[in-house]
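Novice: To start, I am sharing the structure in question, which I have written as structure tokens.
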Amino acid sequence: MNQQHSIGFSKHRLEALTDGIFAVVMTLLVIELKIPESFNGKTDAALLHHLAELTPRVISWVVSFFVLAIFWISNHRQMHFVRVVDSKLVVLTMLFLAFASCMPFSSSLAGPYVMFHTSQIVYGCNMFLMGVISLIICRYIYRHPQLSITPMPLATYHAARFRTCGLLLVAIISIAISYYWRGAGNLAFMLMIPISILARHHEAKYLVTGSNEPAPNTVPNAAPNTAANPLLATAPVAKKNSGKVRRRN
């Protein structure tokens, strides 16, 4: 039986579904950016006034698009190591995409209803749940190297955890800020810029120092892959031949 079918199935359809949903969701975010149909102003000042009223929606769109881009890049980096997927990874990805598909709704609440604390709670919880599922997916891929082409490096795993845990903290902070300063909760997500930079620096530091432990489920005494490296197959033969030469001498 083909090893791919014994472990799972191809990751490409799951990646295509993820890309498609993220493309649709990120496009739907901009629908909220529109001038009311009832607008009948005849001067530039009137138009500027209505554009200024769109400021909360623009901020919500920028933050939502930016965070979704971080999630997509993170998912892309995680799936880079995956060769095949199993049913559990599919279920986790579906949960992740379910919360991602809610972003246009929660973003629309955080725009026109930005002065309501409830809207920020919905928005922050949506981000938080996406982060939790993303963290679980990353941990699952790291701890199941049999699904991977090569096991996820420890440096990459630490950087992904740092970035995602930072997002979870920012989501909580945004809800707290909104409680005391209505309309400013979304600004907390700008903290993801330095968090992402620190995560990349953290990963680069691990790679430079060589602190790349194998995944915990990696079998230490597994047989070497002689098909990938023919030299491994000829090494024992060479050793035996050298022993015979010594005995003859």
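The values are calculated or read from the model by the stated rules, or taken from the named source; none is laboratory data. Note that the coordinates shown come from a computational prediction; the quantities given were computed from them, not determined experimentally. Methodologically, a virtual Cβ is constructed for each residue, glycine included, from the backbone with ideal geometry; neighbour enumeration extends over all protein chains shown.
Novice: Look at Arg13 and say whether it is outside any loop (DSSP other than H, G, I, E, B) and either surrounded by 18 or more Cβ atoms within 10 Å (Cβ to Cβ) or without any contact (Cβ under 8 Å) to a residue 40 or more places away in the chain (or both).
Specialist: yes
Novice: When the stretch 97-111 is examined, which residues are found to be without any contact (Cβ under 8 Å) to a residue 60 or more places away in the chain and either more than 19 Å from the chain's Cα centre (by Cα) or crowded, with 18+ Cβ neighbours inside 10 Å (or both)?
Specialist: Phe99, Phe105, Ser106, Leu109, listed by residue number.
Novice: Determine which single condition Met130 fails, assuming it passes every other condition in (1) over 20 Å from Phe162 (Cα atoms); (2) surrounded by 22 or more Cβ atoms within 10 Å (Cβ to Cβ).
Specialist: (1)
Residues checked against (1) more than 13 Å from the chain's Cα centre (by Cα); (2) surrounded by fewer than 19 Cβ atoms within 10 Å (Cβ to Cβ); (3) among the hydroxyl-bearing types (Ser, Thr, Tyr):
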| position | (1), (2), (3) |
| --- | --- |
| Leu48 | yes, yes, no |
| Ser60 | yes, no, yes |
| Asn75 | no, no, no |
| Thr93 | no, no, yes |
| Phe116 | yes, yes, no |
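Novice: Here's another thing I want to ask about it. On the basis of being modelled with pLDDT of 90 or more and in a helix (DSSP H, G or I), does Val208 make the cut?
Specialist: no
Novice: Within the stretch 24-40, can one find any residue that is within 21 Å of Leu89 (Cβ to Cβ), at pLDDT 85 or above and surrounded by 10 or more Cβ atoms within 10 Å (Cβ to Cβ)?
Specialist: Yes, the stretch 24-40 contains at least one residue that is within 21 Å of Leu89 (Cβ to Cβ), at pLDDT 85 or above and surrounded by 10 or more Cβ atoms within 10 Å (Cβ to Cβ).
Novice: Continuing with the same structure: Yes or no: Ile31 assigned to a helix (DSSP H, G or I), under 20 Å from the mean Cα position of the chain (by Cα) and not polar (S, T, N, Q)?
Specialist: no
Novice: What is the residue count in the stretch 104-123 for residues that are closer than 23 Å to Trp181 by Cβ and assigned to a helix (DSSP H, G or I)?
Specialist: Count: 12.
Novice: Further question on the same structure: When only residues in the stretch 62-73 that are surrounded by 19 or more Cβ atoms within 10 Å (Cβ to Cβ) and aliphatic (A, V, I, L, M) count, which is nearest to Ala155 (Cα to Cα)?
Specialist: Ile70
Novice: Of all residues in the stretch 41-83, count the ones that are in a loop (DSSP other than H, G, I, E, B) and either at pLDDT 85 or above or aliphatic (A, V, I, L, M) (or both).
Specialist: Number satisfying all stated conditions: 4.
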